[in-house]
């Protein structure tokens, strides 16, 4: 049997940009919202997984890097 037929009926929900929906901009001082976009190993999660648009993903990456430089976020996990 072909397993591809089972996956054809799955409807994927379109992901929405967190920043566009809430009408906010990524800020390096807001570490609580930045933590949503980094994983356990403190790596930035890709836009395809989080649903952020390309515009906000670039701003988000810059904000996370600034926050790390200012020691508001850790570079690595403990």
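Go through (1) in contact with a helix residue (DSSP H, G or I) (Cβ under 9 Å, 6 or more places away or on another chain); (2) in a helix (DSSP H, G or I) and name the single condition residue 74 misses.
Of everything listed in (1) in contact with a helix residue (DSSP H, G or I) (Cβ under 9 Å, 6 or more places away or on another chain); (2) in a helix (DSSP H, G or I), residue 74 misses just condition (2).
Taking the stretch 18-48 as the region of interest, how many residues are assigned to a loop (DSSP other than H, G, I, E, B) and buried (at least 17 other Cβ atoms within 10 Å of the Cβ)?
Qualifying residue count, the stretch 18-48: 2.
With the requirement that a residue be free of Cβ contacts under 8 Å to residues at least 12 places away in the same chain, over 8 Å from the mean Cα position of the chain (by Cα) and either loosely packed, with under 11 Cβ neighbours inside 10 Å or within 13 Å of residue 20 (Cα to Cα) (or both), what does the stretch 49-68 give you?
Residues satisfying the conditions are 54, 55.
With respect to residue 73, determine if the residue is in contact (Cβ under 8 Å) with a residue 40 or more places away in the chain and closer than 18 Å to residue 20 by Cβ.
Numbers: in contact (Cβ under 8 Å) with a residue 40 or more places away in the chain: yes; closer than 18 Å to residue 20 by Cβ: no.
No: the conditions fail for residue 73.
None of the figures in this text is laboratory data; all of them are computed from the coordinates on show. What you are looking at is a predicted structure, and each value in this text was computed from that prediction instead of being measured. Using ideal geometry, Cβ is built from the backbone for each residue, glycine included, and neighbour counts are taken over all protein chains shown.
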